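First comes the structure, then the notes that go with it.
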Amino acid sequence: MATVDVSADGGIEELREKKSFGQKTVEMIKKQPLGTVGFLVVIAMIVMAVGANYLTPYDPEENDFANMLIAPGWEFLLGTDQFGRDIMTRLIYGARTALFVGFVASFVGATIGLVLGVMSAYFGGTFDLIFQRVMDVFMAFPLIIMALAIVSIFGPSTQNVIIAITIPFIPRCARVVRSNALAIREIPYVDAARALGYSHARIILRHMAPNVMAPFLIMITAFVGQAILLEASLSYLGLGVQEPTAAWGLMLQGGAEEYIESEPWIAIFPGIAISLAVFGFNLFGDSVRDVLDPRLRTQ
Amino acid sequence: MLKYTIKRVLLMVPTLFGAACLVFFLLRLIPGDVCELRMSGEGGFVDNEAIAVCQEELGLNDPKIVQFGEFIYGFMVFDLGQSMWTGKAITHEINLRFQLSIQIAIMATFISVIIAIPLGTISAIRQDTWLDYVVRTFSIAGIAIPSFWLGIMIILGLLISTQAWLGEPWMPPIEYVSPFVDPVGNMVQLIWPAIATGYRYSAVATRMTRSALLEVLREDYIRTARAKGLFEKIIINRHALKNSMLPVVTVIGIEFAFLMGGLVVTEQVFNLNGVGKLFVESVQNHDFNMTQALVMLVALIFVVTNFVVDIFYAWLDPRIRYS
């Protein structure tokens, strides 16, 4: 009987095709062309957000009344706004705001949703039933209505915008995680953990939560784009990030509409930035979903 | 069917009640109230007595539970009370604005269907060709582009093109005219926000049409139809599309409910006096009665739309009724 010696040369290792990092990358690009585009956008945004101070010579918040409403040109690549601030600079710093709000809101919202969703599946019974009804109520409102209501309670500021975006994300993630966790609860290792006398918290966090990581990651990546869009909408309404902080939605408020006829660049570029960012994150998110869980694919 | 319908109606009650609780207590968490805001609006001087009188008048000093009871009772008998800000009846305040918003919502839904079904169909039939990729990119872009920015761009486009062709810039009118009084004026005003919102909402429906159609095209009866030599056109129109419309209808129905939320921002861009704008204003004015009424209206539309979709679904597919 032939046995395969794993440790010796020419064993299983050779049966598995060896691929260099480069080959793997090329394969990934071919398989997920749209996802690659999204990934590049995400990387570009992170570079902009992290290196904002080095990428531009101008200050994003300081008014410069000598250079108001200058058209795009060599000195100011994308022109200046009604306070003389360089639009390109504000876009670069705006990436920082958008990413900060997007990442924090998605991560916190999805994590709370993860814990609540697994808890709901684990305990089941009355707890699950009541929990589901509460989630239903939260889901009965469009995201923006919920976020608006929350911002109006705490007042507009960057921190409160994050809270306002996080809360409506929680039920959306909890619902998906719960349906996945329901299947996991039936797997014997959960019974085994219970038989060993582990606490509920330990079983939920150490045994069940790690096994619903795929839907969790999918939800996070899907949330980031939505969060960026929501932040922009709230800021546009004047209920989000406040002046003078650079934020894309805020750049479209006030001046953008006032000067639309004579200085359209104030309104055009921030919108392109928002669209590109959300576009990139959505494409990236779709690919992550396809790779992690092909069943969820909507084609 | 009757039993199923009754069951579905009863399921609406806890959701609505939950929504009522949520909005009521959320609003009571806001620091300050409408009286303080109204009094302090007039030049810095705050008359504490006047505030107290005003609070007493509006019933803000009653125990929370009494206020809550009145709110729920009012909702049940369709008496929404008066706006705390203007003092006028809420039904009166909402009436015209609701007409405007619901009209945009219907037009936007219509536009999204016109875009979504042909595009989704093309995309499915020509799966994995460049045409498919173009359509998919177009629809993903629809989700990414903020509708308020699209609105601004539409206004910009209108200004530039009217300047070029008519010699002077033209903007859609701001004053709302009923479609029954002046259909042309009404259309000219509302078609733009409807396009801005409709494009966004077409994205989800396009993807749904595509995936549903792809699934149906793999069915055996489609192969049979092809085997007996039917024209591809007839196969798609008569056999495939009809059977793939079920999930698309659901998506469109649910979207309609969410459109009311999307309108909040679009109305701001086009400066339209609709429900969305009223909502933002009433939240800022701490007008509890008005905010509650509007939130309940949105929740009601959501619940009723879901209900209609479910019933429609059950009517089309008997298996759902009995499960």
Problem set entry | Estimated 222 nm signal from helices in chain A, with DSSP H stretches of n ≥ 4 weighted -39500 (n - 2.57), rounded to 500 | -21500 deg cm²/dmol
For this session: Over 21 Å, how big is the tail of the calculated P(r) for the stretch B:40-183, in percent of all Cα pairs?
Result: 71 percent
Problem set entry | Estimated FRET transfer efficiency when R0 is 25 angstrom, pair B:Met171-B:Phe110 (beta carbons, to 0.05) | 0.60
For this session: Quickly work out the B:Val134-to-A:Arg202 label distance, labels modelled 7 Å from Cα along the C-beta direction, and quote it in nm with one decimal.
Result: 6.1 nm
Problem set entry | Two-site label geometry, B:Ser161 and B:Lys233: point separation in nm, points 7 Å out along Cα→Cβ | 3.0 nm
For this session: Just the isolated ones, please: cysteines in the protein assembly as shown lacking another cysteine beta carbon under 4.7 angstrom.
Result: A:Cys173, B:Cys21
Problem set entry | Under 16 Å from B:Lys242, Cα to Cα: lysines that are on another chain or at least 8 residues apart | B:Lys233
Seminar exercise, completed: In whole angstrom, the spacing between the Cα centers of the stretch B:230-257 and the stretch B:44-90 equals 49 Å
For this session: Could you tally the net charge around A:Asp64, taking each other residue with its Cβ under 11 Å from the Cβ of A:Asp64, Lys/Arg +1 and Asp/Glu -1?
Result: -4
Problem set entry | Column: log10 I(q)/I(0), Debye, Cα scatterers of the stretch A:18-68, q = 0.17, 0.20 Å⁻¹ | -0.70, -0.80
Exercise. Taking a spot 7 Å from the Cα of B:Arg226 along the direction of its beta carbon, which residues of the stretch B:123-143 have an amide N less than 20 Å from it?
Worked result: B:123-133
Problem set entry | Descending semi-axes in Å of the stretch B:132-247, equivalent ellipsoid built from Cα gyration tensor | 41, 17, 14
Exercise. Which Cα, out of B:Leu241, B:Met290, B:Asn271, lies furthest along the positive dipole direction of the stretch B:220-301 (beta carbon charges, K/R +1, D/E -1)?
Worked result: B:Leu241
Exercise. Okay, helix-only estimate at 222 nm for chain B: each DSSP H run of n ≥ 4 adds -39500 (n - 2.57), divide by all residues, round to 500 deg cm²/dmol; what do you get?
Worked result: -26000 deg cm²/dmol
For this session: Two decimals is fine: what is log10 I(q)/I(0) at q = 0.08, 0.09, 0.13 Å⁻¹ for chain B, from a Debye sum with one equal scatterer on every Cα and no solvent?
Result: -0.51, -0.63, -1.10
For this session: Sticking with the crude label model, points 7 Å out along Cα→Cβ, report the distance from A:Tyr259 to B:Leu2 in nm, one decimal please.
Result: 6.8 nm
Seminar exercise, completed: Given unit charges at Cβ for Lys, Arg (+) and Asp, Glu (-), the dipole magnitude of the stretch A:135-256 about its Cα centre in debye, nearest 20, is 440 debye
For this session: Using Cα positions and a limit of under 13 Å, work out the aspartates and glutamates in reach of B:Lys7, with same-chain residues fewer than 8 apart set aside.
Result: B:Asp310
Seminar exercise, completed: Log10 I(q)/I(0) at q = 0.11, 0.12, 0.15 Å⁻¹ for chain A, from Debye over equal alpha-carbon scatterers, is -0.80, -0.90, -1.16
For this session: Starting from the Cα of A:Lys30, draw a straight line to each of the lysines and keep only those under 24 Å, dropping any in the same chain fewer than 8 residues away.
Result: A:Lys18, A:Lys19
For this session: Grab the other residues whose beta carbon is less than 14 angstrom from that of A:Leu196, score K and R as +1, D and E as -1, and report the net.
Result: +2
Exercise. Roughly what % of Cα-Cα distances in the protein assembly as shown sit above 47 Å, to the whole percent?
Worked result: 20 percent
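Every number in this text was worked out from the coordinates using simple rules, so none of it is lab data. Because the structure is a prediction, the values reported are computed rather than measured. Neighbour counts run over all protein chains shown; Cβ positions are idealised from the backbone, glycine included.
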